[in-house]
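The next block holds one structure in the form of structure tokens; read it before the comments.
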Amino acid sequence: MFLTLVFAGVEALVGLAGIIVDQNTSFQYDASLEDALAAFAFCALVALVLQQQERHGLAALSSLLALGYGVAKAVVVGTTHHSTNPASIALCAVCGACALGALVGSLRERRMVRDTDDYHLLEDGPKPAKLSAYAIAKLLKPYFWPRSLVGRVSVFSTLLFVILSKVCTVIAPLVLASAADAVADRGDVRKAIKMSLLYALLSFTGKILKECQSLAYLNVQKYAFIDLSSDTFAHLHSLSLQWALSKKMGEVVRITDRGIAGCDTFMKYGVLYIGPSIGEAVAVCVLFYVHFKLWALSLLVFGSVLAYACLTIKMTLWRKRFRQAMNKSDNAWHDRLTDSLTNFETVKYFTAEKYENQQFSREIACYQKSSVSVQASLSILNISQQVILCGCLGGAMALSAIAVHNGQASVGGFVAVNVWIINLFAPLNFLGTVYNALITATVDLSNLSELLAQKPLVKDPEPKVDHPALLSKHAIGVAFSDVKFRYPGVTAVDAGLKQVTFEVAPGTSLGIVGPTGAGKSTIARLLFRFFDVEGGAVTVGGVDVRNVTQASLRMLMGVVPQDTVLFNSSLDYNIRYGKRDCSTDERDDAAKHAALFDFVGRLEEGWETVVGERGLKLSGGEKQRVAIARLFVKNPPIVLLDEATSALDSRTEADIQGALAALSSDRTCVTIAHRLGTIATCDNIVVLNRGRITERGSHAALLALDGDYKAMWDVQARNSEVEVAEESSPEPQ
């Protein structure tokens, strides 16, 4: 950024110096470079300001305009063969080189800003949202170029109807002018009738085309909504787990919903309402100058429209505080009414009817006062608008009358000017409402743009390579080699994993135990590559998980999570989610292995029973059995059991443990558990504490070691004896 500022600064100084050098000679456009030097200096100053505001795209555009004007002026001077001040030529060349350097630097800075990974800002807090023209164009792309061919045809139809509608609106007064001239001449009545009918037809056609535009836009809106919603949904699922853990899903849903609605609002009001209105105003001003040769009339209309727009926007913002006060008063008197009637009995106890009536009357008076302020401010706005409109109309009529008197225009032109002015200001009556809608839409677009700018923390390799074990039927092993990891944004020194190393041979089992927060679930997340390690490597089947696609890696694994969350759908859907194309026999067999089949048979709706949001209609044990059945359906070569039976009773746990043991017999199995009895049969066990492996070995070896594992085993054994004694003791009579 420093070099970009230097280039722009030098360009500005050299341009100003060139103006001083060249100002002593008389200005002649095809022989002087003073205007080119002024353009370089002005655009360089603009670029400096924009660079300080980090508006790199606009800064690049400013440098490009200066460079383009300088090149064009050089061509003009070169082709006319006039003698030019050599110093000015040299200074222009320097300015051109600096403008080119500033242009390249601005584009480079813009690309660097766009490529910045937002996850790097996790430790420093969220990045404030900035909505650039590029971001708006990217969000609105489905409205201009949807994927559907029908949608694209609808886009072209909408734009065509907009253009034709405005053409009819602009041309119709010219036809009316011809009719008025024919009437004024009192000669050609047929022409007057024809032109009058044509004027009516053009006006009617303009209205019909306006309605056709609305109908065609319905298809654009439909296909754009589908594309934008699908793209946003796919983008959210492409993000990493860290993003999901750091966001409130309700807020994300609201941002998505409002952002998509904001795109539609921006398109309706910004592109299809304000855009054509501005185009019509420019066309009318050009027509006044080209057709009537009245530059004063063009300036009057342009200035009046600009003043009308600025006044409407400013007064709309001024009126907002009255509207907010009225809404607050409205809430206050409704709250007072509800609170008083809710405490009806209390009011009677304390004979406070008169007091309550006084309080209620005061709130009503406050509300009415605010309501009057809102209506009064609206009247002031309407009067101010009419002052500008009528002033413009009166001034235009006066200028037209003078032109008719001087022979510069006809009586028909006088009539046409009146129609043009009225048509021009008609859409601006709702400018305040449109402005408020656009401001709200801009905020919603900014939030959605920030959401879509998020990039995944974990990315697939380039080129994408699937895990080779997908084509193999043999068991595959898992290994952690000197793994170091800490969650993004966590600064605690003892957090995460530190130099964790272990290996699970193909077809064997590993048990992982340790106190809460030791890092057991972190190992599971790294195995599924929800995060990338900071040091060391995680390998599956001898392949580093970072060298294969995430989808192919996770297809090799199945998990029963510690906290099972189900979809708000049927039991059948939730179990088949492990393998969407599984047969009914496979589903039933999985349910039997998970001790779920008999439970489903007792339900009134059977497999079509809806489990509720997050599976809340089921108990913890039932949800865990659904997760186990889902694992049996998937039948993966690597099995991860994260407290898979923690929510089950002892008898069901014993039954499922046998099924899990059978499932894990020819597979690689990693079991995370607090209850040591569930991992006592594992081939190998590691004990984690504060992110480090403190002990490892078989169950018997760890008991003989008389360390942390032995202490945990003894505590759990004593607790089990107490529970058994309590269950076997007779109930008091």
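The table that follows gives values for the structure above.
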| item | result |
| --- | --- |
| Residues of the stretch 251-267 classified as basic (Lys, Arg) and either crowded, with 19+ Cβ neighbours inside 10 Å or touching a helix residue (DSSP H, G or I) at 6+ places or on another chain (Cβ under 7 Å) (or both), total | 1 |
| Gly517 being assigned to a strand (DSSP E or B), in the same structural domain as Val639 (by TED's automatic domain parsing) and not acidic (Asp, Glu) | no |
| Test: residue in the stretch 138-161 that is surrounded by 14 or more Cβ atoms within 10 Å (Cβ to Cβ), at negative phi and at pLDDT below 80 | no |
| Filter result for Asp572 (without any contact (Cβ under 8 Å) to a residue 40 or more places away in the chain and either touching a Pro at 6+ places or on another chain (Cβ under 9 Å) or surrounded by 16 or more Cβ atoms within 10 Å (Cβ to Cβ) (or both)) | yes |
| Any hit, the stretch 675-687, residues being under 49 Å from the mean Cα position of the chain (by Cα), more than 20 Å from Val559 (Cα to Cα) and modelled with pLDDT of 90 or more | yes |
| Number of the condition not met by Ile313 [criteria: (1) within 34 Å of the chain's Cα centre (by Cα); (2) not in a helix (DSSP H, G or I)] | (2) |
| Residue that is at pLDDT 90 or above, part of a helix (DSSP H, G or I) and surrounded by fewer than 13 Cβ atoms within 10 Å (Cβ to Cβ), where the choices are Ser379, Ser361 | Ser361 |
| Within the stretch 499-535, tally of residues that are crowded, with 20+ Cβ neighbours inside 10 Å and more than 37 Å from the chain's Cα centre (by Cα) | 8 |
| Residue list for the stretch 239-259, restricted to those being closer than 26 Å to Arg152 by Cβ and either small (Gly, Ala, Ser) or in contact with a strand residue (DSSP E or B) (Cβ under 8 Å, 6 or more places away or on another chain) (or both) | Gly259 |
| Residue match in the stretch 429-439 (condition: surrounded by 20 or more Cβ atoms within 10 Å (Cβ to Cβ) and of a type in the set (Phe, Trp, Tyr)) | no |
| Some residue of the stretch 196-213 being β-branched (Val, Ile, Thr) and over 30 Å from Lys455 (Cβ atoms) | yes |
| Count of residues meeting criterion [in a helix (DSSP H, G or I) and not polar (S, T, N, Q)] in the stretch 523-552 | 8 |
| Output for the stretch 576-591, where each listed residue is under 33 Å from the mean Cα position of the chain (by Cα) and either farther than 15 Å from Ala627 by Cα or surrounded by 20 or more Cβ atoms within 10 Å (Cβ to Cβ) (or both) | Arg576, Gly578 |
| Residue check, Val282 touching a residue at least 12 places away in the same chain (Cβ under 8 Å) and either surrounded by fewer than 19 Cβ atoms within 10 Å (Cβ to Cβ) or touching a Lys or Arg at 6+ places or on another chain (Cβ under 6 Å) (or both) | no |
| Segments classed as helices (runs of 4 or more DSSP H), wholly inside the stretch 163-267, with at least 3 members that are among the acidic types (Asp, Glu) | 189-238, 249-265 |
| Residue check for Tyr269: of a type in the set (Phe, Trp, Tyr) and farther than 23 Å from Ala453 by Cα | yes |
| Meets criteria (over 29 Å from Arg258 (Cβ atoms) and over 37 Å from the mean Cα position of the chain (by Cα)) for Leu399 | yes |
| Matching residues, the stretch 226-245, being exposed (fewer than 13 other Cβ atoms within 10 Å of the Cβ) and either charged (D, E, K, R) or touching a residue at least 24 places away in the same chain (Cβ under 8 Å) (or both) | none |
| Residue within the stretch 445-453 that is among the hydroxyl-bearing types (Ser, Thr, Tyr), crowded, with 18+ Cβ neighbours inside 10 Å and within 27 Å of Ile136 (Cα to Cα) present | yes |
| Residues (within 32 Å of the chain's Cα centre (by Cα) and not aliphatic (A, V, I, L, M)) located in the stretch 536-561 | Arg546, Asn547, Thr549, Gln550, Ser552, Arg554, Pro561 |
| The stretch 592-632 - residue that is part of a loop (DSSP other than H, G, I, E, B) and in contact (Cβ under 8 Å) with a residue 40 or more places away in the chain and, of those, surrounded by the most Cβ atoms within 10 Å (Cβ to Cβ) | Ala594 |
| Residue in the stretch 553-591 that is farthest from Phe531 (Cα to Cα), counting only those that are assigned to a loop (DSSP other than H, G, I, E, B) and among the aliphatic types (A, V, I, L, M) | Leu566 |
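The values are calculated or read from the model by the stated rules, or taken from the named source; none is laboratory data. Quick caveat: nothing in here was measured; it's all calculated off a predicted structure. Note that each Cβ is placed from the backbone with ideal geometry, even for glycine, and that neighbours are counted across all protein chains shown.
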